[in-house]
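Below: the structure, in structure tokens.
The values are calculated or read from the model by the stated rules, or taken from the named source; none is laboratory data. Nothing here was measured: the structure is a model prediction, and the numbers come from that model. Quick reminder, even Gly has a Cβ in these numbers, built from the backbone with ideal geometry, and neighbours come from all protein chains shown. Note: areas computed on protein heavy atoms with side chains; ligands, DNA, RNA excluded. Shrake-Rupley method; radii C 1.70, N 1.55, O 1.52, S 1.80 Å.
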Amino acid sequence: MTTIKSILNEQVGNALCRVSSIEQCKANVITASRPEFGDYQANGIMKVAKRLKQSPRELAAAVVTFLEKKNISLVESYEIAGPGFINIRLNNSELISRANVFLNNPELLVSKTSYPKTIVVDYSSPNLAKEMHVGHLRGTIIGDSLVRILERSGHNIIRQNHVGDWGTQFGMLIAYLQEIQKSKENNLPRQLLDLEHFYRAAKSRFDSDKNFADESRRSVVKLQSGDTESNKLWAQFIEESLSHCDAIYDKLNVTLKREDLDAESRYNNQLSEVVRILEQKNLITISDEAKVIFLPNFVGKDGNILPVIIQKSDGGYLYSTTDLAAIKFRSAELKADRSLYVVDARQSLHFDQVFSVAKAAGIASKKISLEHIAYGTMMGNDGKPFKTRSGDIVKLTELLDEAIKRAYELVTAKNPALDKELRKVIAEKVGIASVKYADLSKNRTSDYIFEWSTMLSFEGNTAPYLMYAYARIKSILKKPEAQNFTANISSLNEIEERLLLVKILQLSEVIQIVAEDCYPNQLCNYLYELAGLFMKFYEACPILKSEERIRNSRLALVSLTAETLNQGLDLLGIETLEQM
RNA sequence: GCGCCCGUAGCUCAACUGGAUAGAGCACCGGCCUUCUAAGCCGGGGGUUGGAGGUUCGAGUCCUCCCGGGCGCACCA
């Protein structure tokens, strides 16, 4: 179903074009900034009036006259206000009939795009040499939410988990594995249970023992030249590491599967081809025996030129080369319209460069939009990157376990009468949801402070608050008096009912914005406001105690609220509970 | 040195991408439970949006310059 905002944008925009005789002009309709301004407001009149050198209020009056003649059923009234805004109030029975369509067809709450695209989303992408740590959390969670939102909007989504499974540190790990295997008492699976520990042990061996370091380097060469034994160990290592990732994804309720893997090693045999293309386009310069590209748009003011290294002086390749090969694949083979990289903001220069090279060399098609969906760093409450007290990187699995533990204590404190097993289930969902929501609800581009107390709070814009709101709604619907209500909204007399209903109808509008700009916090804000409006409705309007007609209508509204909350949270990757 | 990002209430964050009187939560103060989950709701105080200019009907948002912070800049990813 076309959203209200789209209809208004089209109708008011059209009227504006007709009245002003300007072809390209936008109505710029947004939801009203204050309730007394109505439901929506058109902000675009002033800009057009400016171009016409006309009084904005006069132009607004002409637009309103035009619109009133068209008699759009959705609109109750227009009002010109301030310097030239058009405030729009919607018609109640139209709102009700829209809502009733959603009640009977909940899948329509989020409308499908008219222009489906093929969109590659590269996210999570852990380094398989180590265990997943807190640094992988944001990208994994934000990426997964975007994927859900884009998919639900009707796009063709190709997930790509670009795991780091190649490169120098694997030589070190393999050498260390071999060393361990030689000694009798060790068994491999147990050693690999703690990847982080294993990596650190290998690393300290590498740093302290020259012979071992040399052995590691030889090991890389053996691996890359296809040595059977090395490759067998490598594959074993990768498998073990991937199963760690799977466990994390499962715990986090993240949709990434094995078939979404797009490991770096996949591109090994295409790297020389990438270099050949770049050479053919005369982009390569030899500098200090390395093959690099100097891009004119990356020249600093002082003439300092930033190079992109494509091939090292020893012939080895770097991640820029791999990324170019991946762009080639996503562009030519997957035929993507958009390719999103949900990656740490600190890599923005790298992506600027790689995207520029890809475009300049024709490795990326003309149509593909390459977008770095950057996110900020997770900080501790001291404002520095999040670490343990001893200064170590926090393993993701430990962080999640702590979240669940804290949630269990909280649930027990709030509701000690609940069965222990049930509390465990609730704690698991609430704990994970809290961590995810804390991440999603903040503007992704800025660094954010990780704080247990705020994310596990039941107050404010948090997962527990939203989940509680949902559970509360569901409990109403489970009452005996709530059974067999006729599933239609018929009354919208109370202001709280109306505000709630209009909000529900806006889910799709928010989803459209997020699908475009990739800021999931906008969906979080929406859901928080939705839950707040429900609470206000709940306080102000008796549901079960009202006379039958009102009761039925309100129950339908309650049911639609539940549906909207549930779907919205699902698009964030957050599961709801019937009872808390 | 050069480049990118950021600076909003005591704290954590919003502000629909240039719109009307900058909003929430925490903390603080005061109300509301024999009544659908009080894990809730209502009200109050708290701001020169780091500073100074500029652009325009209109700036937290755009431009310039300062101040303060974070992060990147040649063979790691």
Qualifying residue in the stretch A:88-107 (condition: part of a strand (DSSP E or B), crowded, with 16+ Cβ neighbours inside 10 Å and modelled with pLDDT of 95 or more): yes
Does the stretch A:164-183 hold any residues that are out of contact with any helix residue (DSSP H, G or I) (no Cβ under 7 Å at 6 or more places or on another chain) and within 16 Å of RNA strand B (Cβ to nearest atom), and which are they? A:G167, A:Q169
Listed by first then second residue, the pairs whose first member lies in the stretch A:335-364 and is free of Cβ contacts under 8 Å to residues at least 12 places away in the same chain, whose partner is more than 14 Å from RNA strand B (Cβ to nearest atom), with beta carbons under 8 Å and at least 6 positions apart or on separate chains, are A:K359/A:L370
In the stretch A:545-560, is there at least one residue being within 9 Å of RNA strand B (Cβ to nearest atom), closer than 30 Å to A:S145 by Cβ, open to solvent by 10 Å² or more (accessible area, probe 1.4 Å) and at pLDDT below 95? no
Output the number of residues of the stretch A:144-178 satisfying the condition of being open to solvent by less than 20 Å² (accessible area, probe 1.4 Å), in contact (Cβ under 8 Å) with a residue 60 or more places away in the chain and among the aliphatic types (A, V, I, L, M). 8
With within 22 Å of A:Q353 (Cα to Cα) and either open to solvent by less than 40 Å² (accessible area, probe 1.4 Å) or basic (K, R) (or both) as the only criterion, which of A:Y267, A:Y199, A:Y249 stands out? A:Y267
Between a first residue in the stretch A:461-486 that is more than 30 Å from A:L440 (Cβ to Cβ) and a second residue that is near RNA strand B (Cβ under 7 Å from one of its atoms) and open to solvent by 10 Å² or more (accessible area, probe 1.4 Å), which pairs have beta carbons less than 7 Å apart while being 6 or more apart in sequence or on different chains? A:K479/A:L544; A:E481/A:L544; A:A482/A:I476; A:A482/A:L544
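Restricting attention to the stretch A:411-465, which residues are hydroxyl-bearing (S, T, Y) and near RNA strand B (Cβ under 10 Å from one of its atoms)?
Going through the stretch A:411-465, the residues hydroxyl-bearing (S, T, Y) turn out to be A:412, A:434, A:437, A:441, A:445-446, A:448, A:453-454, A:457, A:462, A:465.
Matches in the stretch A:411-465: A:T412, A:S441, A:T445, A:S446, A:Y448, A:S453, A:T454, A:S457, A:T462, A:Y465.
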Return a yes/no flag: does the stretch A:88-103 have any residue that is among the small types (G, A, S) and over 30 Å from A:G568 (Cβ atoms). no
Go through the stretch A:1-50 and give me each residue that's closer than 20 Å to A:L505 by Cα and charged (D, E, K, R). A:K5, A:E10, A:R34, A:E36, A:D39
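Can you tell me which residues in the stretch A:310-343 are within 13 Å of RNA strand B (Cβ to nearest atom) and surrounded by fewer than 18 Cβ atoms within 10 Å (Cβ to Cβ)?
A:K312, A:S313, A:D314, A:G315, A:G316, A:L318, A:Y319
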Of all residues in the stretch A:509-530, which are open to solvent by 30 Å² or more (accessible area, probe 1.4 Å) and either over 12 Å from A:I142 (Cα atoms) or in contact with a helix residue (DSSP H, G or I) (Cβ under 6 Å, 6 or more places away or on another chain) (or both)? A:Q512, A:I513, A:E516, A:D517, A:Q522, A:N525, A:Y528, A:E529
Answer residue from the stretch A:307-364, given it is of a type in the set (F, W, Y) and part of a strand (DSSP E or B) and is farthest from A:V120 (Cα to Cα) among those: A:Y317
Check off (1) within 15 Å of RNA strand B (Cβ to nearest atom); (2) closer than 30 Å to A:E494 by Cα; (3) not in a strand (DSSP E or B) for A:A60 and give me the number that stays unchecked. (2)
Hits in the stretch A:209-235 (condition: part of a loop (DSSP other than H, G, I, E, B) and either at positive phi or surrounded by 11 or more Cβ atoms within 10 Å (Cβ to Cβ) (or both)): A:D209, A:G226, A:D227
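Sort through A:E371, A:E398 and tell me the only one that's open to solvent by 90 Å² or more (accessible area, probe 1.4 Å), modelled with pLDDT of 90 or more and closer than 27 Å to A:L146 by Cα. Spell out how you get there, then give the answer.
Values: A:E371 fails: open to solvent by 90 Å² or more (accessible area, probe 1.4 Å).
Going through A:E371, A:E398 in turn, the sole match is A:E398.
Taking the residues in the stretch A:344-355 that are over 21 Å from A:D144 (Cα atoms) and open to solvent by 30 Å² or more (accessible area, probe 1.4 Å) as candidates, determine which candidate is nearest to RNA strand B (Cβ to nearest atom).
By that ranking, first place goes to A:L349.
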Inter-residue pairs, beta-carbon under 6 Å, first under 17 Å from A:E459 (Cβ atoms) and in the stretch A:408-423, second part of a helix (DSSP H, G or I) and charged (D, E, K, R), 6+ apart: A:V411/A:R423
In the stretch A:63-85, what count of residues is obtained for those that are among the β-branched types (V, I, T) and within 16 Å of RNA strand B (Cβ to nearest atom)? 4
Considering each residue of the stretch A:466-480, count those that are open to solvent by less than 40 Å² (accessible area, probe 1.4 Å) and near RNA strand B (Cβ under 6 Å from one of its atoms), and give that number. 2
Being of a type outside the set (D, E) and touching a Cys at 6+ places or on another chain (Cβ under 8 Å) is the filter; apply it to the stretch A:1-23 and report the residue that is farthest from RNA strand B (Cβ to nearest atom). A:C17
Please go through (1) open to solvent by 70 Å² or more (accessible area, probe 1.4 Å); (2) within 22 Å of A:N105 (Cα to Cα) for A:V502 and return the number of the only condition it doesn't satisfy. (1)
Take the stretch A:69-81 and flag every residue that is touching a strand residue (DSSP E or B) at 6+ places or on another chain (Cβ under 7 Å) and open to solvent by 100 Å² or more (accessible area, probe 1.4 Å). A:E76, A:E79
Count - residues of the stretch A:10-46 that are crowded, with 16+ Cβ neighbours inside 10 Å, outside any loop (DSSP other than H, G, I, E, B) and free of Cβ contacts under 8 Å to residues at least 24 places away in the same chain: 2
